[in-house]
Amino acid sequence: MAISSSRLAPKKIYFQLFLVCMLPVHIWAIIIFLRRMDSFTIFMNLTQIISIAAYVLVYALMESLFLFGILFIGSLILPRRVSAARKLALGTIIALVASAAAVLIHFHAIWKVNWIDQKEWTWLWVGVGLLVIALISFAVLKSERLESWLNALVERISLLSLVYLSADILGLMIVLYRQLT
Amino acid sequence: MSIDPGKLSRREFLKLLTLLPLIGTSSKIDFFGRTFASHPSPNQPGADNTRPNFIILLFDTLSAQHLSLHGYSRQTTPNLARFAEHATVFHQHYAAGNFTLPGTASLLTSAYPWTHRGLHVLGTVKEEFAVKNLFSELADDYFIQTYTHNMLVMSLFQQFQKNLDKLVLPHELAILNEPLTDYLFPEDYYASFWGERVYRGSGADLPGSLFLSFRPLFAEDFHPFTPESLTEKYGELFPRGLPNNSLGLFFKLEDAIDWIQTQAPALPQPFLGYYHLLPPHEPYKTRHDFVDRFDDEWRPTLKPESTFSLGMPQDELNRRRRWYDEYIAYVDAEFGRLIDNLERNGALKNTYLILTSDHGQLFERGIHGHVTSTLYHPLLHIPLLISGPGHREGVDVTTPTSCIDVLPTVLHLAGKPSPEWAQGQILPTFGGPHATPERSLFALEAKNNPKMAPLQIGSLAMIKNGHKIVGYFGFGSGRDGYELYDLQNDPEEMDDLYQDRNSLAQEMKTELDTKLQQENRDFTEG
């Protein structure tokens, strides 16, 4: 326990990392939800649409926790000499690059790229994502300037993600309310 | 333990919580909190054996045009024919819509789609029908149990659930059900189903999940319960794959049939069991003993291309038709097994067994399926067979009837009057008037029309005097217009008579247009 607790960063760092994880997950979920809104308005009332949005937000919250959980575990296996601020910077870049790779994988369905099948395409972007993450992680470990730039970015992202967190809590309350009634 | 309710401590409150399961068993609250009415079992004192039971068995997407019982070339339904020997067979029975929601909602509410407004593939009916339906009318006296493989029907069940004694969830009779809704949020099915659907993605729709929705891509590699592994496990039994609803529910029809036959003798009396089973809805996953059964030389009549054609080549349509027919043969065999077992265990002594469907299926004019704006005969012509206590001989009814007639008929047989909101009438031979061909029957397709707006885009069919007129409106020039067919002399709808028979065409067109205007006026004023 002593070993793992010594590897733990301050709670504020983890909370900020969680907020970073929320950003891409929520932006994507909300965009996809809004894409479906047109068809929903034809046959659903406002209550139904809000309820569906609540479920989408709750799922997005769970996914953010999932992503955060992976990064949290990853942060525990980093050497002790890696500072908390650097862990946050690394976590941020991993979350953002992985999200970008995920978006590209999803867009394959829309772009209809025929020269490579879906599974190979997926592995391609997973590979590219991992490579980019490795390169930037290396750069973060070497460059204090990049680290401080990323931490400044985290400050901005955190502020925006607090809005999503508030929406998630509201969504969770709506979902719970609907179970009770 | 003495507890003063006025001074309940936290510890005492927690102790009381442990007694909750006892309350659950004593007041018949099931796992999901739905309350059971206290109906006695068949042999218990107080069981009402004077009222008949009802089993409504609905096979989704079962077109009467594909049943050998109704003259189809392929021998798809020998067991239905056997059942028909002591049942009433309605040879001209029609759905009120061409896909699940309008068809099923009209059956259960005795209202046409323009009234109940279940117009959309994944829609719901108007709230007022939560207490205007078959279940609400029987709820006081009957134990009501429902089951479906079809998630779209679950939306209706949720709307009607206050009158259901037992709503059996889809996963309970499934081999695998991927959606979480069934397990996590069964009480809020509609919103949670949609929320999950948005999040997981479906078909061409991108998933709302960035990371977790990759599972299908990696399914073969990582997921132990993928369709691929199911295919491996059940591959010999189902060489074309396991029956499923295309939304992650994998099942065997045998399991539902086995379950129904055990329920019927055990349910509290009197009961209504409404079982909406998915086969022969696509994907067509027939059992091994029916695979290639109809790999024959027979080819259907080649029909003119529709203006709504999806451009599917005729060879592909023929192949899908064959697979569909082979799936029907499997459904028929399972139905035969069910009636044999129900008769053997005496469950039909005081029970009406009603077999029907919600809509048909199309394999012609460049169109496959039922997600179409057309209303051709194979889409609307559905089976209706009813056997009841004491039925010894088959009866054939050839006058046209509609799915909206089922509710008044069931109520009549249950000794209840038809509610004034019911638009159907009691079926002929079951106490209803001798239906005449002059009666106008309707079917509507309006999935592109907003739910709560006058009908401005869609297709409306009217069947009367052996003729059918279809009006297409709101689709734009090239598609808007009318078609008229003589169903008696041209059941394949080969010759559009709209231009030729001017007086009849004008007469039927006027009635169709007037009906549409009247319903739109009623809707606007209402």
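Regarding B:Pro450, is this residue out of contact with any strand residue (DSSP E or B) (no Cβ under 8 Å at 6 or more places or on another chain), under 29 Å from B:Glu127 (Cα atoms) and without any contact (Cβ under 8 Å) to a residue 40 or more places away in the chain?
yes
Pick out the one residue from B:Ile354, B:Ile339, B:Ile328 that is in a helix (DSSP H, G or I), over 25 Å from B:Asp490 (Cβ atoms) and of a type in the set (A, V, I, L, M, F, W, C).
B:Ile339
Quick one: B:Lys126 ticks every box in (1) surrounded by fewer than 24 Cβ atoms within 10 Å (Cβ to Cβ); (2) away from every other protein chain (no Cβ under 14 Å) except a single one, so which number is it?
Of (1) surrounded by fewer than 24 Cβ atoms within 10 Å (Cβ to Cβ); (2) away from every other protein chain (no Cβ under 14 Å), only one is false for B:Lys126: (2).
Could you list, in sequence order, the residues of the range A:31-44 that are at the interface with another protein chain (Cβ under 8 Å from one of its Cβ atoms) and either exposed (fewer than 14 other Cβ atoms within 10 Å of the Cβ) or under 23 Å from the mean Cα position of the chain (by Cα) (or both)?
If the condition is that a residue be at the interface with another protein chain (Cβ under 8 Å from one of its Cβ atoms) and either exposed (fewer than 14 other Cβ atoms within 10 Å of the Cβ) or under 23 Å from the mean Cα position of the chain (by Cα) (or both), then A:Ile32, A:Phe33, A:Arg35, A:Arg36, A:Thr41 are the ones that fit.
Give the range A:63-77 a look and list any residue that's among the aromatic types (Phe, Trp, Tyr) and within 12 Å of chain B (Cβ to nearest Cβ), or say none.
Answer for the range A:63-77, where residues must be among the aromatic types (Phe, Trp, Tyr) and within 12 Å of chain B (Cβ to nearest Cβ): A:Phe66, A:Phe68.
Looking for whichever is of a type in the set (A, V, I, L, M) and surrounded by fewer than 20 Cβ atoms within 10 Å (Cβ to Cβ) here; the options are B:Leu348, B:Leu302. Which one fits?
B:Leu302
Would you pick out the residues in the range B:91-108 that are of a type in the set (S, T, N, Q), open to solvent by less than 10 Å² (accessible area, probe 1.4 Å) and farther than 21 Å from B:Glu282 by Cβ?
B:Ser106
Checking the structure you have, find out if any residue of the range B:109-119 is touching a Phe, Trp or Tyr at 6+ places or on another chain (Cβ under 7 Å), surrounded by fewer than 24 Cβ atoms within 10 Å (Cβ to Cβ) and among the hydroxyl-bearing types (Ser, Thr, Tyr).
No, there is no match, as no residue in the range B:109-119 is touching a Phe, Trp or Tyr at 6+ places or on another chain (Cβ under 7 Å), surrounded by fewer than 24 Cβ atoms within 10 Å (Cβ to Cβ) and among the hydroxyl-bearing types (Ser, Thr, Tyr).
When you check B:His288 against the structure, is it closer than 26 Å to B:Ile339 by Cβ, open to solvent by less than 50 Å² (accessible area, probe 1.4 Å) and modelled with pLDDT of 95 or more, yes or no? Reasoning before the result, please.
Details: closer than 26 Å to B:Ile339 by Cβ: yes; open to solvent by less than 50 Å² (accessible area, probe 1.4 Å): no; modelled with pLDDT of 95 or more: yes.
When the stated conditions are applied, B:His288 does not pass them.
Which condition breaks for B:Asp486 when tested against (1) more than 14 Å from B:Thr374 (Cα to Cα); (2) out of contact with any Pro (no Cβ under 9 Å at 6 or more places or on another chain); (3) modelled with pLDDT under 95?
Exception for B:Asp486: condition (3).
What are the residues in the range B:243-266 that are of a type in the set (A, V, I, L, M), at pLDDT below 95 and open to solvent by less than 10 Å² (accessible area, probe 1.4 Å), if any?
Result: B:Leu249, B:Ala264.
Being more than 8 Å from chain A (Cβ to nearest Cβ) and assigned to a helix (DSSP H, G or I) is the filter; apply it to the range B:191-207 and report the residue that is surrounded by the fewest Cβ atoms within 10 Å (Cβ to Cβ).
Among those residues, the one meeting the criterion is B:Arg200.
If you check B:Ala422, B:Ala461, which single one turns out to be small (Gly, Ala, Ser) and touching a strand residue (DSSP E or B) at 6+ places or on another chain (Cβ under 7 Å)?
B:Ala461
Which one of A:Val58, A:Val25, A:Val82, A:Val20 is touching a Leu at 6+ places or on another chain (Cβ under 9 Å), surrounded by 16 or more Cβ atoms within 10 Å (Cβ to Cβ) and either among the hydroxyl-bearing types (Ser, Thr, Tyr) or not in a helix (DSSP H, G or I) (or both)?
A:Val82
Considering only the range B:439-526, give the strands (runs of 3 or more DSSP E) lying wholly within it that have at least 2 residues that are in contact with an Asp or Glu (Cβ under 8 Å, 6 or more places away or on another chain) and not small (Gly, Ala, Ser).
On the way: elements: B:441-445, B:458-464, B:467-473, B:481-486.
Output list reads B:458-464, B:467-473, B:481-486.
When you go through (1) within 11 Å of chain A (Cβ to nearest Cβ); (2) open to solvent by 10 Å² or more (accessible area, probe 1.4 Å) one by one for B:Asp188, which number turns out not to apply?
B:Asp188 satisfies every listed condition except (2).
Go through (1) modelled with pLDDT of 95 or more; (2) polar (S, T, N, Q); (3) more than 17 Å from the chain's Cα centre (by Cα) and name the single condition B:Thr148 misses.
Failed condition: (3).
Among the residues of the range B:57-73, which ones are open to solvent by 10 Å² or more (accessible area, probe 1.4 Å) and more than 16 Å from B:Ile354 (Cα to Cα)?
Residues satisfying the conditions are B:Gln65, B:Ser68, B:His70, B:Gly71, B:Tyr72, B:Ser73.
Can you report the number of residues in the range A:46-57 which are closer than 18 Å to B:Gln159 by Cα and at the interface with chain B (Cβ under 8 Å from one of its Cβ atoms)?
Of the residues in that region, 3 qualify.
The values are calculated or read from the model by the stated rules, or taken from the named source; none is laboratory data. Here the structure is a predicted model, which means the values were calculated and not measured. Don't worry about glycine lacking a Cβ; one is built from the backbone with ideal geometry, like all the others, and counts go over all protein chains shown. The accessibility values were calculated without ligands, DNA or RNA, using every heavy atom of the protein model including side chains. Shrake-Rupley method; radii C 1.70, N 1.55, O 1.52, S 1.80 Å.
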